[in-house]
Every structure is written in C-alpha cells, then in structure tokens.
Amino acid sequence: MPMTFAVEHPFAQFVRILGKGKKGSRSLTREEARIAMGMILDKQAEPEQLGAFLMLLRMKEETPEELAGFVDAVRERFPIPTHLDVALDWSSYAGKKRHLPWYLLAALLLAEQGVSVFMHGARGHTAGRIYTEDALQVMGVPVAREWSQVEQQLAASNFSFMSIDNLCPPLGEIIQLRSVLGLRSPVHTLCRLLNPLSAPATVDGVFHPPYAPMHQQTALLLGTKNSATVRGDGGEAEVKPDSDTELHWIIDRQLSVSNWPRLYSQRLVKSDELSLEDLRELWAGRLEHPYGEGAVIATLAVVLRLLPGNAALNESELTTQARERWAARNRQRF
C-alpha cells in the first residue's frame with residue numbers, strides 16, 4: 001500500500017515557533033502574531049492548539065511585538081467605530097479582592113467634570129473577586145451592549161463601559177478558560193491594551209512587576225501618546241494610598257518610570273467586609289473611609305497627568321488638583 005502523510009494544520013507552525021525547545025524556539029514577529037491571533041478569532045485553530053499556544057506564550061512571557069500583532073488582528077475583525085472620540089481609555093480586567101474598586105469613582109468623577117472615559121473589562125473569570133460591572137450596577141450606571149449605546153452614553157454622561165464579551169466575544173470566551181487552564185493567559189494582557197477607540201490617553205493596571213514595561217512598550221508600538229501602567233491594588237489601575245506605587249509612563253510618546261509617593265505614612269487597616277454600597281456612600285459624603293478616599297485621590301492624581309496641560313505638573317500639584325476636583329463632585333449624583 002502507498003504511504004500516506006498527514007497534512008499539517010496551518011496553525012501548527014505558530015505552536016512550533018514557540019515550542020521548539022530552548023535553542024530552537026523564538027518569539028513571533030508582529031506579523032506572525034497578527035496572523036496567529038486572526039486564525040484564533042476566526043475559529044481556525046483547534047482547541048488543543050489554542051491551549052498549547054496560550055500556555056507557551058505564558059511560559060516565555062509575550063513580547064510587545066507579539067501583543068501589538070494581536071491587537072492588530074482584533075482591530076481588523078471587529079466593528080469598532082471610528083467616529084467616536086474619547087479622551088481616556090481605562091481597562092479593568094483583574095477584579096478586586098482585598099479592597100473595593102475605588103478607581104471607579106475616579107473615572108466617574110473625571111466624566112462628570114468633562115473628560116470622556118471609555119472603560120472596558122471582564123468579569124467572573126476568577127472566583128471571589130469584585131468586578132467593575134458589579135460596581136456599576138450598584139452605582140446605577142448602565143453598561144453598553146453595543147456601540148450605539150456607547151455613543152449615547154458618552155454623549156449623555158461622558159462615560160461608558162463595555163464588557164469584552166460584547167466588544168470582542170472570542171476574547172471573552174478565552175478569558176473564561178482561566179479556570180480550565182489554571183492560569184491567566186496572554187489574552188488578559190491583550191485586552192488591557194486594546195484601546196479600541198484610539199484614545200490619546202490610556203490607563204491600565206498590572207499585578208506582576210515584569211508586565212508593566214511590557215504594557216508600556218506595547219502601547220508605544222500601538223501609537224499611544226500618553227499612558228500610565230499602574231502596579232495597582234489587585235492588578236487594577238488603582239493607586240494604593242498607603243504605599244508607594246510604581247508607574248510606567250508614556251508622556252508625549254516618551255517612556256519613563258517613577259514611584260508615586262504614598263498619601264499616608266502608615267498602612268491602613270483593611271475592612272473585614274466589602275460592601276459595594278460603600279462606593280455610593282463615600283461619593284455622597286455619608287461615609288468616612290480614609291483608604292477609599294485616598295485611593296480615589298491618588299488614582300485621580302495619576303490619571304490627571306495624562307490629560308492636556310498637566311504633563312509638567314509634579315505629584316504635589318496633581319494631588320492638590322485631585323483633592324479639589326473630588327471636593328467639587330456632585331454628591332447627589334448617585
């Protein structure tokens with residue numbers, strides 16, 4: 001009988017590039033990454049290939065060129081409107097465990113005071129965490145399911161949130177593989193860097209220190225003018241008020257790193273129980289919560305540096321501006 005040969009699956013080349021041993025493997029180029037992620041989004045990779053691909057990337061750690069290629073593939077395939085302009089892209093994918101998502105109050109305050117904010121994120125991938133969507137529900141802020149709703153919400157309130165499940169459903173499905181794979185995959189990083197509306201300023205958070213320069217360099221490759229990557233509480237873009245915070249900046253397309261000084265000299269006691277109602281209570285001024293208020297002010301101060309006219313201000317000046325903005329909020333809003 002004549003010999004038969006199996007035809008190699010087109011996606012196998014990308015698994016081989018990443019997994020050919022210590023000496024034979026290498027990272028993907030940006031173009032290879034774009035093609036590979038395109039095949040994943042188009043459902044042209046087998047489940048076994050997807051799992052191997054994601055975990056090989058996780059083991060070696062993805063490069064900025066790979067992440068930029070992944071973003072290219074997403075932007076090519078999903079109907080992201082080009083006519084929507086926002087000042088700030090805020091990614092929120094980690095969820096909070098030790099503290100409430102106080103960063104949300106900073107984002108809502110900016111929107112109230114005229115800064116258009118588009119926030120995107122995921123929920124439910126890790127047990128025991130509080131996600132942005134949960135907090136928005138308590139605050140009475142609707143989430144967008146489609147881009148027409150994003151447009152309406154931005155016009156009405158300068159703020160809109162969309163889940164990755166609606167923004168790019170295949171990525172939402174992959175994020176939920178965390179409980180199957182046992183680890184977060186590079187898709188978590190990819191989603192943080194999407195900046196789908198091409199905002200001139202972005203803010204995102206990391207938990208593990210090596211990821212911060214990766215985020216910074218990818219944002220630069222993608223053409224972001226101003227960004228802050230925060231080694232924040234729980235991996236969200238939230239500055240801890242009782243410890244110094246490492247920040248990786250892009251300011252006018254120039255990279256830098258700094259430590260943001262703590263607001264409080266001593267560590268504050270963590271709350272025994274977390275209640276999302278405390279977000280509304282703090283906003284309304286009915287609750288004294290030093291950690292929460294400090295997190296809002298410190299996070300706001302960092303983000304203010306990304307906005308036009310603020311790049312040259314120092315930490316003290318930005319913190320003073322943040323305190324003034326917080327004091328001027330409409331306490332009856334929520």
Practice task
Fewest Cβ neighbours within 10 Å first, please rank 125, 9, 120 accordingly.
Solution key: 9, 125, 120
Exercise for the section: Using 0.36 nm per residue of separation minus the Cα-Cα distance, give me the extension gain between residue 31 and residue 137 in nm, one decimal. Expected result: 34.2 nm
Completion exercise
Distance in nm between residue 274 and residue 145 label points, each 7 Å along Cα→Cβ, equals 2.7 nm
Practice task
For residue 43, go through the lysines and keep the ones whose alpha-carbon is under 30 Å away, minus same-chain ones fewer than eight residues off.
Solution key: 20, 22, 60
Practice task
Pull out a ≥ b ≥ c, the square roots of the eigenvalues of the alpha-carbon gyration tensor of the range 12-77, then state rounded if a/c is under 1.5, prolate if not and a/b is larger than b/c, and oblate in the remaining case.
Solution key: oblate
Completion exercise
With 0.36 nm assigned to each residue of separation and the Cα-Cα distance removed, residue 252 to residue 307 gains 18.7 nm
Fill in the blank from the handout: Computed from the beta carbon distance with a Förster radius of 25 Å, FRET efficiency for residue 152 and residue 287 to the nearest 0.05 stands at 0.20
Practice task
Could you list the residues of the range 104-136 with an amide nitrogen less than 16 Å from a label point located 7 Å from the Cα of residue 85 in the Cα-to-C-beta direction?
Solution key: 114-118
Fill in the blank from the handout: In the chain, taking the dipole from +1 charges on Lys and Arg beta carbons and -1 charges on Asp and Glu beta carbons about the Cα centre, the listed residue (56, 93, 275) farthest towards the positive end is 56
Handout entry: Volume per residue that the Cα convex hull of the chain spans, once the total is divided by residue count, Å³
Key = 145 Å³
Exercise for the section: Grab the DSSP H runs of the chain that are 4 residues or longer, score each as -39,500 (n - 2.57), total them, divide by all residues and round the 222 nm result to the nearest 500 deg cm²/dmol. Expected result: -13000 deg cm²/dmol
Completion exercise
Computed over the range 84-188, the relative contact order (Cα-Cα under 8 Å, seq sep at least six) in percent reads 27 percent
Exercise for the section: Please work out whether the range 28-167 counts as rounded, prolate or oblate from its C-alpha gyration tensor, where a ≥ b ≥ c are the square roots of the eigenvalues and a/c under 1.5 means rounded, while otherwise a/b larger than b/c means prolate and anything else oblate? Expected result: prolate
Problem - Leading residue at positive end of dipole, the chain (Cβ point charges), from 44, 186, 309 - result: 186
Exercise for the section: For residue 246, list long-range residues whose amide hydrogen, built 1.01 Å from N in the peptide plane, is under 5 Å from its own amide hydrogen. Expected result: 231, 260
Fill in the blank from the handout: Rounded to one decimal in nm, the spacing of the 7 Å Cα→Cβ label points at residue 176 and residue 316 is 5.2 nm
Handout entry: For the chain, size of Cβ-based charge dipole, Lys and Arg +1, Asp and Glu -1, in debye
Key = 560 debye
Practice task
Send over the semi-axes of the range 188-329's equivalent ellipsoid, whole angstrom and largest first, taken as the square roots of 5 times the C-alpha gyration tensor eigenvalues.
Solution key: 26, 17, 15
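Here, each number is a calculation from the coordinates, and none is a lab measurement. Predicted model only: the values in this text are computed from it and were never measured. Every residue, glycine as well, gets a Cβ built from its backbone with ideal geometry; the counts of neighbours run over all protein chains shown.
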